[in-house]
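Contents: one structure, followed by commentary.
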Amino acid sequence: MVPFYLLITIHLSDSKLLMNVLIKIVIVDCCLGNLRSVQNALQTLQVDVFISNQVKDLSNADAVVLPGVGAFREAIKNIGSLRSTIHEDIERGKPFLGICLGLQLLFTESKEGGIYSGLDVLQGQIVRFPRQVKVPHIGWNTLRIIDDNNPLVEGLQAEEYVYFLHSYYAKIKDRTMIVALTEYDINFPSIVAKKNIFATQFHPEKSGKTGLKILQNFLRYVRK
Amino acid sequence: MLTKRIIPCLDMKDGRVVKGVCFKNLQDTGDPAALASYYEEQGADEIVLLDVSASYENRKTLLDVVRNTADKVFIPFMVGGGIQSIEDVREILLNGADKVAINTAAVKEPELIRTSSEIFGSQCIVSSIDVKRVYVKDQDEAPGKIVLNTAIGNCWWDVYIYGGKMSLNIDAVQWAEMVAALGAGEIIASSLDFDGVQQGYDLEFLKAVSTKTTVPLIASSGAGNPKHMLDALTIGKADAVLAASIFHYNCFTIREIKEYLAQNGLSIRI
């Protein structure tokens, strides 16, 4: 028989959990490289965050983060069996955040090292920067916000700096999904969004206070 | 607009930062993570952790440092020193670093650059090159090398490995082109002639590498004051400047340097 005092403790801790509504974020483990930083950044924002490549973990999470460094071909291969789960989650309206390569994976196809199909939840093609600039595009560059109303950029000042580390960018026809643009020889989309899908070409987890603000905005959207 | 980057370098031995004299307010100036976080607060654009002891026994200590730094720092950081294999690269990235700098191992085994950039992406593989000038009368004296006319005389640049201990008789400008072709996403150019002297960077070498390669260039060795950094970024055409002594011993703050560079018309994140 369970002692009475223990029942009370359980009851109290349960209600405490409910009050805090600790949201669960899953970071999709699809890519080689630094996932730890994304996890660290989210952890400072008081959420339950874990890294996984299991279908059930994705399904149980309140929101999905697809980070990524590395090559498109490898990453899309590693996503493999998660593909249909990601599609279903997005369809059901689960908040989704793609970061860097994670943004690129959401699009129709990439021309990185050949032509490879992406997740195709956003329409567009991933192409390389023009020859006349140094590639990769590395460093701090400014955001020019196009869609002020998007929840991801709430509270951001004009021209805030964020950190980029990439050689390819998304070429898209549907301008309505562009939230922010950045200039590097050409103007390319640095933040895109469509309903519950958000994606940044830069690394919010490496963009100091501005980056943390953007992640916080995403979490605020998740909580709603 | 893309800004020029200011990158403080922390030289570490056995997991501790080699002491500086400019951090009176910091309780533990030997803790790499604490110092990195202090630099982030000051406005550093990136941080480099360089393991100067870099021995096999120190590997675990280094990974602890990488993890602690990743927990505290929310700007990119690079780790260099003694990286020998794909496995080393993988471990360092998985523990939270954003980039690795490969030096000696890349010269001994250039395929390491190719393979690691294919697996992890060019953006996180940095080729660090140590060079020393070789003065010659004219091009005929150095066939096959890129001889340039500098303020001090004609010279070409030789690649050195093992922390500057061994000369290779390889043309450094050509080697830089080679590592970029192999897949390195960035190049750090360090000069053994100019290192520690604090009289400025090797501007002629920087300019040669920057104009011959298509990847970003990080200038290293020689900064004694902010003007030296300005010269490296303008005359030397570098994309970033890396320095240690200017912060550790000359006590310039990152903010001071950035304000100076911005006043001189450079695009800087302040």
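Please treat every number below as a calculation from the coordinates, not as lab data. As the structure is a prediction and not an experimental result, all values here were calculated from the model. Neighbour counts run over all protein chains shown; Cβ positions are idealised from the backbone, glycine included.
Listed by position, the helices (runs of 4 or more DSSP H) enclosed by region B:60-120 that each have at least 3 residues that are surrounded by 18 or more Cβ atoms within 10 Å (Cβ to Cβ) and within 13 Å of another protein chain (Cβ to nearest Cβ) are B:86-94, B:111-120.
In the set (1) under 30 Å from residue B:238 (Cβ atoms); (2) touching a strand residue (DSSP E or B) at 6+ places or on another chain (Cβ under 7 Å); (3) without any contact (Cβ under 8 Å) to a residue 40 or more places away in the chain; (4) not in a strand (DSSP E or B), residue A:112 fails one condition alone, (3). The set of residues in region A:152-179 being farther than 26 Å from residue A:116 by Cβ, in contact with a strand residue (DSSP E or B) (Cβ under 8 Å, 6 or more places away or on another chain) and away from chain B (no Cβ under 14 Å) consists of A:152, A:153, A:156.
To keep it simple, each residue is scored yes or no on (1) without any contact (Cβ under 8 Å) to a residue 60 or more places away in the chain; (2) of a type in the set (Val, Ile, Thr); (3) over 28 Å from residue B:20 (Cβ atoms).
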residue: B:145; (1), (2), (3): yes, no, yes
residue: B:150; (1), (2), (3): yes, yes, yes
residue: B:164; (1), (2), (3): yes, no, no
residue: B:168; (1), (2), (3): no, no, yes
residue: B:206; (1), (2), (3): yes, no, no
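Looking only at region B:170-204, residues that are within 15 Å of residue B:220 (Cα to Cα), touching a residue at least 60 places away in the same chain (Cβ under 8 Å) and part of a loop (DSSP other than H, G, I, E, B) come to 3 in all.
Taking every residue in region A:62-91 that is under 14 Å from residue A:117 (Cβ atoms) and without any contact (Cβ under 8 Å) to a residue 60 or more places away in the chain and pairing it with any residue that is of a type outside the set (A, V, I, L, M, F, W, C) and buried (at least 24 other Cβ atoms within 10 Å of the Cβ), at least 6 positions away or on another chain, the pairs with Cβ-Cβ distances below 6 Å are A:75/A:68. I'm checking my understanding of the structure. Among residues of region B:237-260 that are within 14 Å of chain A (Cβ to nearest Cβ) and not in a helix (DSSP H, G or I), which one is surrounded by the most Cβ atoms within 10 Å (Cβ to Cβ)? The qualifying residue surrounded by the most Cβ atoms within 10 Å (Cβ to Cβ) is B:241. Could you grab me the full set of residues in region B:116-143 that are in contact (Cβ under 8 Å) with a residue 40 or more places away in the chain and among the hydrophobic types (A, V, I, L, M, F, W, C)? Hits for region B:116-143 are B:124, B:125, B:126, B:129, B:131.
Do we have residue B:216 as of a type outside the set (Ser, Thr, Tyr) and closer than 27 Å to residue B:122 by Cα here? Yes, satisfied. Counting the residues of region A:192-205 that are closer than 15 Å to residue A:143 by Cα and not aromatic (Phe, Trp, Tyr) gives 7.
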